[in-house]
Amino acid sequence: MPLTIHGMNTGVIRHNNQFIALALKIKHDKKKENLLFFPLLSLKDLLLSIEQRLHMKSLLSDSARKNFDKATESAEKKLQQNAPVMMEDELKNADVRQRVERVTLTHNAADSVTLELSLNGGETVTLLINDTQMRLLVNVIILAMHNAGLRAILDSVSSILDFLPLYDVDCKDKGQLEFDTYQHPEWKHALFNYYLTLVYLYKNEQGEEQACGTVIKTRTPSNSKEAQSIAKRLLRYSNRLRKLENIPCKVLVRTLVADKPVTLTQDQCLHAVHSLRYQSEQSAA
């Protein structure tokens, strides 16, 4: 049976002002508590599973949203009343066996998510998080990071939760492509239903036309404001695209798959980058 949350509290472990882990203490029964430690990658995956649910709630009708907000406020009061105490010694003497090495979303229900947390000590903890508990969970994470002077780290993580990078590409002469591939578990792919390809056109120091590209999964089509925002944020996190961050460039964005449960192959994704770049050259000629 998964653990259900009756109360929660957070803290931060750091060393020489460097983030080590977020401590999440969960009360899951009247007298039972679990203390878990999330390093950065596991914290990102925890937030990724929550962000998807919060996005869905933002699409509710006004009346449905009011009902959900009312239920959330009621759930948050109960969580706050049952919040476990976080002791300083628990952070100073953190049990490495309770470090979360991997987060896996195993069930996306109508009103909750179920996560499997693989711990350093070999144990697996199954945790059920209700939709009405997610806002408070995010808020206590933000508060803990802010109090630790590490809000910038959380802001950085939060800026990459609404897309999934698949391929980054340098377009070379004669149609050749050099690319990096990002591997993700299936549960992450299932969170996003749009494939987008983006091509960045720019000039090098010699004034020659150059192009880079990327393929991502997200939840918005190519003509949306969200896609334009993602196009800018990608430059901060991609090794191949980072060189363009302060260089004027033209960005082309195309939807490859729209709201369909389709998995594109590597060849299909790379061909889409090549095709979009080629079409831009033809239109410029």
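Looking at L252, L198, L235, L164, just one residue is under 30 Å from H146 (Cα atoms), open to solvent by less than 50 Å² (accessible area, probe 1.4 Å), in contact with a Ser or Thr (Cβ under 8 Å, 6 or more places away or on another chain) and of a type in the set (A, V, I, L, M), and that residue is L164.
Here is the figure for segment 263-277: residues that are surrounded by fewer than 16 Cβ atoms within 10 Å (Cβ to Cβ) and in contact (Cβ under 8 Å) with a residue 24 or more places away in the chain total 2. As a summary of the residue check, T132 satisfies the conditions (1) under 23 Å from N17 (Cα atoms); (2) buried (at least 17 other Cβ atoms within 10 Å of the Cβ) except for the one numbered (1). Going by what's in this entry, would V138 be described as open to solvent by 30 Å² or more (accessible area, probe 1.4 Å) and in a helix (DSSP H, G or I)? For V138, the condition - open to solvent by 30 Å² or more (accessible area, probe 1.4 Å) and in a helix (DSSP H, G or I) - is met.
The rows are residues; the columns are (1) among the basic types (K, R); (2) surrounded by fewer than 17 Cβ atoms within 10 Å (Cβ to Cβ); (3) more than 28 Å from H189 (Cβ to Cβ); (4) out of contact with any strand residue (DSSP E or B) (no Cβ under 7 Å at 6 or more places or on another chain).
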| residue | (1), (2), (3), (4) |
| --- | --- |
| N9 | no, no, yes, no |
| K27 | yes, no, yes, no |
| L40 | no, yes, no, no |
| H55 | no, yes, no, yes |
| E73 | no, yes, yes, yes |
| M87 | no, yes, yes, yes |
| K92 | yes, yes, yes, yes |
| R102 | yes, yes, no, no |
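Among helices (runs of 4 or more DSSP H) entirely within segment 1-117, having at least 2 residues that are over 17 Å from the mean Cα position of the chain (by Cα) singles out 62-81, 88-92.
Yes or no: segment 258-272 includes at least one residue that is polar (S, T, N, Q) and in a strand (DSSP E or B).
Among the residues of segment 258-272, not one is polar (S, T, N, Q) and in a strand (DSSP E or B), which makes the answer no.
Looking only at residues in segment 11-25 that are touching a Gly at 6+ places or on another chain (Cβ under 9 Å) and surrounded by fewer than 19 Cβ atoms within 10 Å (Cβ to Cβ), which one is nearest to R99 (Cα to Cα)? Checked segment 11-25; the qualifying residue nearest to R99 (Cα to Cα) is R14.
With the structure loaded, tell me whether T124 is of a type in the set (V, I, T), surrounded by 19 or more Cβ atoms within 10 Å (Cβ to Cβ) and out of contact with any Lys or Arg (no Cβ under 6 Å at 6 or more places or on another chain) or whether it fails that test. When the stated conditions are applied, T124 does not pass them. For the residues A211, A148, the requirement of being buried (at least 19 other Cβ atoms within 10 Å of the Cβ) and in contact with a strand residue (DSSP E or B) (Cβ under 6 Å, 6 or more places away or on another chain) singles out A211.
The values are calculated or read from the model by the stated rules, or taken from the named source; none is laboratory data. Computed from a prediction, not measured in an experiment: that's the story for all the values here. Cβ sites come from the backbone with ideal geometry, for glycine too, and all protein chains shown count toward neighbours. Areas reflect the complete protein model, heavy atoms only, side chains present, ligands, DNA and RNA absent. Shrake-Rupley method; radii C 1.70, N 1.55, O 1.52, S 1.80 Å.
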